[in-house]
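Accompanying notes for the structure given below.
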C-alpha cells in the first residue's frame, strides 16, 4: 500500500497518458452532468464527481461503434474490407466498485465462453484500471446488497481510497505495482488499512436503510425468479409500467446485448455498426419474413430481470448480473428499476 | 469534451440530451440527468436519435429537375433557378409549407421570405390542425397560444385530467411524470375511448363512446355549476363571460348523458368534484392529430376556468405538441392568418411594426392553409415551397404532383423530394445552431455539433440567399442574428438572446420579456389579467351512426405513435420496433372488440373490410378489448391505408382522435 | 487472452465469389460459391447442421443454414427472399462477391447416429437445412440402416431439389416419398400431409433417428405421429431458425429461454425443445 498526495494525482494521470487513452469522470461545463468520458483535458478529471449516468462500460463497449467497413465495386468485383482502426490501450481512471464488477461480468461473458468477442477483446487489450473507493453512496445505490461495493477487492490495477489530503493506493496487478514503483509513491503507514476500513465502514453505514434491508430480499428474489415462482400478475403489473425505451439495458454495467447494422453513409465506405440493444424491445428477436416468436411486454421484462438475477445467468458471470448501481431506477420512465422489481416480488410473498 | 448538450428533436416535450461526438461524427446519445424536463430520461425515440443523425440517406447537393431529368448543380445555379422560377408567380399562387421540426430561425426566415419577398400570405405548417384548435382557444381565452401550466407542476398536482391521447406513446416523458405523480398520490383521470397505456397507468379510466368527449366535458361543466362548485371568487376577479358560459349550458340535458357517452353520471360527478376540490389541477391533451377539436378544447378550457384551475400556481390547461418545434413554428408565424408572435390578422399595428423591423413592405393579409389550397381545385395554387416534410402522412401527394413548380428543402432523402423540381440540401439537426420551443413554451438553444454534410446549408441561410437574389439583403450571417430579429419582432421572445440561452441550461420559457427576463414557467392570472370563457357550439357533433354504418371508426395515432415515418425509417431500433407491428399486420389493421369480432365472425390477423359512405378497404382485424364494443380504431399512418381509404376522410381525421367515421366492418 | 475456435471466421467476413445461381422454387435460389482465398477454399470445413453469417455487401448480414455436405459437395446456399438483405442477395449475379463468417452452431451429431435407421422429414424449404445431413449419410451409406426421406409441400412447385432427389434415388436402399397437399394433373407421388407418409413408408421406431424441419403445423403433426409410434424425444432432431446478429453467442438476439440458438443450437432434440419454455 502506498500514499498518493492529492497534489500528486496529475503525475499519475500523466504517467498513464504516455501509453493510454485516458478515460475518467468529469463534470460537464454547461449541463453540470457527471460523465465518464475520454479526457480531452486530463486536468478536467474529477474523482469526486457523482456516479456517472452512463457506466464506464461505454469505453470498452460503446453505444455506437463501427467494427469494420467495406466497399464493394460491382463493376470490378473488388471488395475492400477491413476491421476499423483500433484505438490505443485505455486507462480507465476513477472506476467505482459497482462498475468494476460490471466490467468483470462483461469480461467473463465476452471473453470466457466458447467464442471470444474479438471486438470487445480489442477494446480491453492492455486496459489499465484505476478504481476509486465509493465513500458516499447515492440515493439509488445498493451495491452493499449485491456484493459489489463500495470497496473494490479485485479487477483493478490500482485502487484509490480518498483519505482526506491523500489517496491510499493499493496495487492489484503487476503493472499497477510497477506504476506505483515508477512514481516513487511513499509506502503507507501501519494504520493505513485501519483508516481505509473505517472510511469504507462509514460509507456502508451511510447507505439508505432500505438498500441495506433489501440484501436478503435480493437473494430471495434470485431464488423465486430461478424457480419460476414469481406470479404472472406481478410481471403484468411491471409490464404495464414499461415504456419500452431500452434505457435500463443501456445504463446497466452488465447488459451486453447488441445490434448490428450495415450502414452506407452519404459518402465513403459502408460501415458495420454495432450498437447497444435491449431484450425488452418487441422487435428484438423478430425474424425476417416470420412472425415475432416472443410474447408480450411482461414476458420481455421478465427476461431482463431473469438475466440480472437468475442462477443460470449468474453462472456465466460467476456472480449475479446486477451490481447494485441503481442506474436502472434513475433512468426508468416507468419507475420499474431493479430495486422496485425486488420490492414487488417481496410484496408478493409478504403482502406489503 | 465529447458529449454535447442539446434538446431532443422528436416530440414537443423538450427533453435534454447529450450527444456524443467523436472524430467529427455523432456516436451516441444519452439523457441529461441535470436537465429540468427529462431529468435523465428519454423515450425509445430519443435514445436513438444518433441513429438518425448518422444515417447516410441524405440530400447532399442541390438538384434541379428539368424535362424529367435530374442533375446536381452548384448552389449559385440552384438559387438563381429557384428565385427566378418563383418570381413567375404572383403571391397568391405560391404556398410555403413550413416544418414543425425545423428551428425557429429557419421558420422565421421562411415566413419573412413568404410575406416580405414573394408577398405571399399562404404559409402553413404540416399537420398543425390539432395544435391550432387548442392554441386558438387558449389565445382567445387566456391570451397566449400554448399550454398555460408547467411540466414541473405535474408531480405536486392533486388532480390531473388527461383527455383523449395516449401520452405514453406521443410524449412518453410527460406520461412518465404523470405516472410518477399517480404513484405519489395524485388522482390521474384518463378520458379515452381506448384502453391505452396512459389509461392503464391512471388512477381512474373513463371510457366514453367515440365522438362524445365534448358531451362529457359539457356534463362536467353543468355538474360543476349545478352543484355550485365553481370558483366564484376567482371568476369574479379573473374571469370574463361566465354568465354567457352558464347560459350556453342551460339547455344541456344531463339525463341524456349516460346514453350519449356511455359513462355513468355518478362517475362524472365524482370526476367533477375531484377537480373542484383539488388545490392544484392540470389538464393534458394532445395538440396534434390525436388532439381535441376546437369545441372540445374550448369546453376543457372553460371547465378549468370555472373551477379556478387555470392561471394559478400549480394549475393549467396543457395541450402537448407531438412534434418538437410545432409551437415555435407557430410562434414564428407559420400560420396563414397570423404574423410572428401569434398576432392575428388583420393587425395593422403588427404589420407596420414588422415592416419597420424588416425594412420592407410585407403582405399582411390573412392567407389560406396549404392543405386547403391543395384540396381546393379552384384555389389557383401553382407553386409550393416545402421544408422537411414527412411522407406517408401527406394525404395530398396527387395535388402536389399537379402543381407547376415545387421546391423541397430537407436534410434527408424523402419521397416528397421526388415530386420537386428543385431539391435543396439543408443541415440536419446537429449540424447547425438553432432554437426550438417545446410544448411548455421552453425555448432551448441547440448548438452545432458536427460539420454540415457536403453541400448542406442551414435553411435560414438558403432563404436569406433567395431574398438576396430578389434584391433584399437581410444581413444574416449567423443563426444568432436571425434570432436577434426574432427577439425584436416576437414580443414573448423579446428578452431572449443566444448568450442567455447558453447560460441557462434547459432554456427559458416564454413570455420572456423586459418584465420577465428569466421567462415565465406558468400563466398566473395576477400577472396576465382577465381570462375569457370561450364560446362553443351548442350541439356537439355526433358520429351519425346508422343501420348501414353502425360502428364508429377512429383513425388515430395515439397507441402507434410511430408515424414520423420518414425519420423513423432512418433509424435501426425504432424502425425495427415499428416493423415489429407491421410484421404481424403488414396490410394495416383495424382494432375491434372481441364481442364485435364474434358477432361479425372476424378473427385476429384475418382480413376484414371497413366500409364507409366514401369507400372501403381491406385490412387485418386486430381483436382486442382495448377498444369499446361498437368502436373500431385504425392507426392512420400505415402507407397502404392512406390513398385507398383514409384520404376522403382527411377532414374528419384532422378533427382529432375523437372524430369518428361511421362504418361497417365485414368479414372477407 | 482466450481465442475463439480456430476454424471459424469470427469477425471480418471472408470474401467469396458466386459462381453459379440456380432458381429452385418461387422466391428461392441456390447460390454456389467459392472463397477468394485459395487456402480458405481448401480448408473451410463445416459440420452438417451448422450455419454461416452471409454478408450481402451494402445490404447487411443474415444467418443461413448450410445445405451442403461436409465432404465432396459443392458449396452453396439456398435462400428464400424474405427481406432487405435476402432481396439484395437475389439481385446478385454470378461473379458477384459475398462475405462469409462461420461456420457456427453445433450441427447434427453425425457420428453418434451411425448404425441407425435415418428418417428425414421435411416440409417446403425445411429440406434446405436437412439436405447436408441427408447427403452426408448417403455418402456413407454403409454406416446406416434404412435412409428414408419424407418430403412434402403445398404443391409440386414448392418442392425443393427435385432433380437431386432423383439422383439420390440411385443410391441403393434410399427411399424417398414425396407428397403434395392437393392433387395436381401429372403428379405421380402421394397426396396429403407429410406425416401421413410415416405410415406409408413403414418408418421403423427401433434404432431410428428422425430429423424434422418445416412450418410449425407440419412440425407438430409429425412429432405427434413419431412419438405416438414410440420414437423417443431424444431421437428426434430439428433445427431452429432465429434472428441472429453475431453468430457467436454474444448479441443474444437468438435467446430462447436459457439457450442461445447460435451456440447451443441450432440443432436440438425434441426433448430439449420441449424444455425451452418459450414458443419455438
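The values are calculated or read from the model by the stated rules, or taken from the named source; none is laboratory data. Keep in mind it's a predicted model, so treat the numbers as computed, not measured. Quick reminder, even Gly has a Cβ in these numbers, built from the backbone with ideal geometry, and neighbours come from all protein chains shown.
Quick notes
Quick grid of which residues meet (1) assigned to a helix (DSSP H, G or I); (2) surrounded by fewer than 24 Cβ atoms within 10 Å (Cβ to Cβ):
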{"residue": "B:102", "(1), (2)": "no, no"}
{"residue": "B:107", "(1), (2)": "yes, no"}
{"residue": "B:110", "(1), (2)": "yes, no"}
{"residue": "B:114", "(1), (2)": "yes, no"}
{"residue": "B:120", "(1), (2)": "no, no"}
{"residue": "B:139", "(1), (2)": "yes, yes"}
{"residue": "B:148", "(1), (2)": "no, no"}
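A quick yes/no check of all residues on (1) surrounded by 16 or more Cβ atoms within 10 Å (Cβ to Cβ); (2) touching a helix residue (DSSP H, G or I) at 6+ places or on another chain (Cβ under 6 Å):
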residue	(1), (2)
B:325	yes, no
B:334	yes, yes
B:346	no, no
B:350	yes, no
B:365	yes, no
B:369	yes, no
B:374	yes, yes
B:390	yes, yes
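- Residue ranges of helices (runs of 4 or more DSSP H) in the stretch B:311-422 with at least 1 members within 20 Å of the chain's Cα centre (by Cα): B:326-331, B:370-375
- Test: residue B:83 is in a loop (DSSP other than H, G, I, E, B), surrounded by fewer than 21 Cβ atoms within 10 Å (Cβ to Cβ) and either in contact (Cβ under 8 Å) with a residue 60 or more places away in the chain or within 7 Å of chain A (Cβ to nearest Cβ) (or both): no
- Against the test of being under 26 Å from the mean Cα position of the chain (by Cα) and farther than 24 Å from residue B:295 by Cβ, the options B:516, B:522, B:503 yield a single qualifying residue, B:522.
- Identity of the residue in the stretch A:54-69, within 14 Å of chain B (Cβ to nearest Cβ) and over 26 Å from residue A:313 (Cβ atoms), that ends up modelled with the lowest pLDDT: A:66
- Qualifying positions in the stretch A:39-53 - facing another protein chain (nearest Cβ under 7 Å) and surrounded by fewer than 18 Cβ atoms within 10 Å (Cβ to Cβ): A:40
- Restricting the stretch B:182-219 to residues that are assigned to a helix (DSSP H, G or I), in contact (Cβ under 8 Å) with a residue 24 or more places away in the chain and in contact with a strand residue (DSSP E or B) (Cβ under 9 Å, 6 or more places away or on another chain), the residue that is surrounded by the fewest Cβ atoms within 10 Å (Cβ to Cβ): B:199
- Scanning the stretch B:39-80 for residues that are assigned to a loop (DSSP other than H, G, I, E, B), in contact with a helix residue (DSSP H, G or I) (Cβ under 7 Å, 6 or more places away or on another chain) and more than 7 Å from every other protein chain (Cβ to nearest Cβ) returns B:45, B:59, B:62.
- Qualifying residue in the stretch A:297-309 (condition: more than 8 Å from chain C (Cβ to nearest Cβ), in a loop (DSSP other than H, G, I, E, B) and at pLDDT below 95): no
- Test for residue A:182: is it under 28 Å from residue C:248 (Cα atoms) and surrounded by fewer than 19 Cβ atoms within 10 Å (Cβ to Cβ): no
- Looking across B:461, B:447, one residue alone is more than 19 Å from residue B:21 (Cα to Cα), out of contact with any helix residue (DSSP H, G or I) (no Cβ under 6 Å at 6 or more places or on another chain) and either at pLDDT 95 or above or not assigned by TED's automatic domain parsing to the domain that holds residue B:567 (or both). It is B:461.
- Every listed requirement among (1) surrounded by 14 or more Cβ atoms within 10 Å (Cβ to Cβ); (2) within 22 Å of residue C:160 (Cβ to Cβ) is met by residue C:261 save one, (2).
- Taking the criterion of being within 14 Å of chain A (Cβ to nearest Cβ) and either modelled with pLDDT under 70 or assigned to a loop (DSSP other than H, G, I, E, B) (or both), the residues of the stretch B:542-580 that qualify are B:559, B:560, B:561, B:562, B:569, B:570, B:571, B:572.
- Filtered residue count, the stretch C:233-257, keeping only those that are in contact with a helix residue (DSSP H, G or I) (Cβ under 9 Å, 6 or more places away or on another chain), part of a loop (DSSP other than H, G, I, E, B), touching a residue at least 24 places away in the same chain (Cβ under 8 Å) and more than 8 Å from every other protein chain (Cβ to nearest Cβ): 1
- Elements of the type helices (runs of 4 or more DSSP H) sitting completely within the stretch A:198-290 and holding at least 1 residues that are surrounded by fewer than 19 Cβ atoms within 10 Å (Cβ to Cβ), within 14 Å of chain C (Cβ to nearest Cβ) and in contact with a helix residue (DSSP H, G or I) (Cβ under 6 Å, 6 or more places away or on another chain): these cover A:209-226.
- Residues being touching a strand residue (DSSP E or B) at 6+ places or on another chain (Cβ under 8 Å) and either closer than 15 Å to residue C:67 by Cβ or in a loop (DSSP other than H, G, I, E, B) (or both) - total across the stretch C:135-161: 12
- Scanning the stretch B:1-38 for residues that are part of a loop (DSSP other than H, G, I, E, B), surrounded by fewer than 24 Cβ atoms within 10 Å (Cβ to Cβ), modelled with pLDDT under 95 and more than 8 Å from every other protein chain (Cβ to nearest Cβ) gives B:23, B:24.
- If you go through the stretch B:472-505 and pick out every residue that is modelled with pLDDT of 95 or more and not in a helix (DSSP H, G or I), you end up with 12.
- Residues in the stretch B:158-181 that are at pLDDT below 95, in contact with a strand residue (DSSP E or B) (Cβ under 8 Å, 6 or more places away or on another chain) and either surrounded by fewer than 24 Cβ atoms within 10 Å (Cβ to Cβ) or not in a helix (DSSP H, G or I) (or both): B:163, B:164, B:165, B:171.
- Filtering the stretch A:73-128 to residues that are away from every other protein chain (no Cβ under 11 Å) and out of contact with any helix residue (DSSP H, G or I) (no Cβ under 9 Å at 6 or more places or on another chain) leaves A:94, A:100.
- Matching residues in the stretch A:166-179 - criterion: being outside any loop (DSSP other than H, G, I, E, B) and either buried (at least 19 other Cβ atoms within 10 Å of the Cβ) or touching a strand residue (DSSP E or B) at 6+ places or on another chain (Cβ under 8 Å) (or both): A:166, A:167, A:168, A:169, A:170, A:171, A:175, A:176, A:177, A:179
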